[in-house]
1. Between residues in the stretch 55-75 that are free of Cβ contacts under 8 Å to residues at least 12 places away in the same chain and of a type in the set (A, V, I, L, M, F, W, C) and residues that are open to solvent by 60 Å² or more (accessible area, probe 1.4 Å) and part of a loop (DSSP other than H, G, I, E, B), which pairs lie under 9 Å by C-beta distance while being six or more apart or on different chains?
2. Can you tell me which of (1) hydrophobic (A, V, I, L, M, F, W, C); (2) open to solvent by less than 50 Å² (accessible area, probe 1.4 Å); (3) over 14 Å from the mean Cα position of the chain (by Cα) is the one Ala80 doesn't meet?
Amino acid sequence: MDKTIYPAMQSTTLLDISTMTAAAAALLDDDIEAPTGEALTSLTLQLRGHLNLLISELEQRCDVARPRDVACAQAGIGEAQRRLAADPSSLVPVRQATLLARSIEALCRHFQRLAVPG
C-alpha cells in the first residue's frame, strides 16, 4: 500500500464515535424514552455539533478514499447538510432531532469505513 496515504488519513480532530452514536441512540433506540423540553434542545445542539465535526472529517478523508466509498460518504454528507440547514420551525422538535440522529449514525458508519486504509 502507498504510505503517502497515511498522513492524509490521520484525523485532525479526535472524534469520539461511541459518544456520537450514544447521543443518536437516545432518540433512535426504542427501549429508551426520548428526551423532551430542555433535554431535547440540549441533545439537538449536541447532535448538530457532532454532525459538523463528522462532515468536516469525512470531507478530508474523501480526498484519499476509494471512489465508491467517496460517493456513498458524499451522499450522506449532503443529506446531513440539508438536515442541518432545514428550518427548525418546519418540523416537530423531536422529529428534527431524530433526523439529525439518523445522519449521525450514517456518517459514523462512513467514518469507520473510511478510517480503514485500503
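The values are calculated or read from the model by the stated rules, or taken from the named source; none is laboratory data. Here the structure is a predicted model, which means the values were calculated and not measured. Don't worry about glycine lacking a Cβ; one is built from the backbone with ideal geometry, like all the others, and counts go over all protein chains shown. Keep in mind that these areas ignore ligands, DNA and RNA; they rest on the heavy atoms of the full protein, side chains included. Shrake-Rupley method; radii C 1.70, N 1.55, O 1.52, S 1.80 Å.
1. Note: pairs meeting the criteria are Val70/Asp63.
2. Every condition holds for Ala80 apart from (3).
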